[in-house]
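The values are calculated or read from the model by the stated rules, or taken from the named source; none is laboratory data. Model, not experiment: these values are computed from the prediction. Quick reminder, even Gly has a Cβ in these numbers, built from the backbone with ideal geometry, and neighbours come from all protein chains shown. Surface accessibility is based on the protein's heavy atoms, side chains included, excluding ligands, DNA and RNA. Shrake-Rupley method; radii C 1.70, N 1.55, O 1.52, S 1.80 Å.
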Amino acid sequence: MNSIDILVLGHLERDEDGSVIQSDTWSTSTLIRTDDGHNIVVDTSKDFMRAAIKTSLKQIGKVFPEDIDIIVLTHAHEDHIGNNDMFKNAKIYIHKDEVCDIDGAVRIDKETEIAKGVRIVPTPGHSAGSVSVFVDSDRHYAIAGDAIPLKNNFVKRQAPRLNIDEALALESMKKIVAYADVIVPGHDQPFKTS
Ligand SMILES: [Zn+2]
């Protein structure tokens, strides 16, 4: 069965005006181990979470940085992509509409199956090329990145505060909720949808 582990649990800190405090904000980083032998990391969090990712892999004890063969970046914001270089053997997938310059990255433009039961699904709105990763396992897991940054966005059916197109962002949230039994948000703990 495909398995999911959280390597780093994301966090989002705002000041009194609601602006994100970048120095206290980082994304979740998630490990997927697939039946067909892939080790996938979804988002590599912010650069200063490197030691935390290393520690998580050590605790799991059977996956080493060089075993990671795929990285999926839900989008190109810096709090999600800071430790790509930890995984020397990984092919990086990112949507073609994300503005960034990542050497050798595979640019996708539609739903893409990357392993058995694991697909990248475009969920734009937070950014133009935001994607989620849908994982068939004991339940349906959606690793949503900032398409759903916090549980509260789901509870209140509220688009991410930072978005390029609110209606599009809400549509993407619906797509995620329709699939998922469990959502792994970009900056919050995983939660059940029912
Ligand atoms: Zn973001």
Task: Exposure ranking of Arg157, Arg107 by accessible area [1.4 Å probe, largest first] - done: Arg157, Arg107
TODO: Compute the FRET efficiency between Lys54 and Lys96 as 1/(1 + (r/R0)^6), taking r as their Cβ-Cβ distance and R0 = 30 Å, and round to the nearest 0.05.
DONE: 0.45
Task: Peptides 65-71, 124-130 ordered by average Cβ neighbours within 10 Å, highest first - done: 124-130, 65-71
Task: Label-point gap, in nm, between Asp36 and Val177 - each point 7 angstrom along Cα→Cβ - done: 3.2
- [ ] Using label points projected 7 Å from each Cα along Cα→Cβ, tell me how many nm separate Lys192 and Gln158, to one decimal.
- [x] 2.5
Task: Relative packing of peptides 145-153, 95-103 - highest average C-beta neighbours within 10 Å first - done: 145-153, 95-103
